[in-house]
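As structure tokens, the structure follows; a few thoughts come after it.
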Amino acid sequence: MNQKASRYCEQCGKAKRACICHTITTIPCDIPLIILQHPSEVHQPIGTARILSLSLPNSRLFVGEDFSDNDALNTLLDPRSGVDYVVLYPSDDAISLSSENTEIITGEDGRKRGLILLDGTWRKAYKMYQLSKNLHALPAVKLDEIEQGNYRIRKSPKENGLSTVEAGFYALSAMTGEQTRFHPLMAAFDSMIEFQISQMPPGVYEQHYGCKNDNENE
């Protein structure tokens, strides 16, 4: 058996000692979710994309950087699939994802909407979006101002940045109008954060993170 592979949980992809599977709750949701994950995030100890993919049966996770020619993804994006996808990305023409913008929450002619999330640091997510030409034809959406995320053990160049699971939580809540349904996502996220803090030597968290508000959309 590959020793490196044996160190990781086959389900969540994290080191077995940091496995998050026991924190996961299955959440029924009619909105198809696609997560595009940068390769550097696959075994990231504090990555959160797996919380989404494990919790939401109607989700798919693809790993890569340039998804332009990803056949499986392009099949999902094909209008004949019956789903109109939007990508959560703060482009200049991104539309606010709120209940007032019904044309974003509901696809054309009442077709089902789907959501795409980019899982990577801000710099990597930017590169993924720029390289993936198939995403450029999709409507870009952004979240209304969120006061502060809880990704308190990862630094970000962007104030009030969110982790991928937080972004998914707020986006799906806006698209369904049902925030309570998705609370288990945040419970699993908080559990992961608390575990990682508990593994730090005494004083490390307080010294490097305790007085900071740096967060990141990973």
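The values are calculated or read from the model by the stated rules, or taken from the named source; none is laboratory data. Since this is a predicted model, take the numbers as computed values, not measurements. No Cβ is skipped: glycine too gets one built from the backbone with ideal geometry, and neighbour counts run over all protein chains shown. Surface areas here come from the heavy atoms of the whole protein model, side chains and all, with no ligands, DNA or RNA. Shrake-Rupley method; radii C 1.70, N 1.55, O 1.52, S 1.80 Å.
When all protein chains stay in place and ligands, DNA and RNA are ignored, the 1.4 Å accessible-area order of 93, 190, largest first, is 93, 190. In the context of the full protein assembly, residue 178 retains an accessible surface of approximately 80 Å², using a probe radius of 1.4 Å and ignoring ligands and nucleic acids. These residues, 40, 132, go from largest to smallest accessible area, 1.4 Å probe, as 40, 132. Within the assembled protein chains, the solvent-accessible surface assigned to residue 75 is about 90 Å², based on a 1.4 Å probe. Taking 7 Å steps out from each Cα toward its Cβ at residue 130 and residue 9 produces label points 3.5 nm apart. Annotation: residue 194 carries an accessible surface of approximately 100 Å², with a 1.4 Å probe and no ligand, DNA or RNA atoms counted. Annotation: extensible slack from residue 40 through residue 176 equals 45.9 nm (criterion: 0.36 nm per residue apart, minus Cα-Cα distance).
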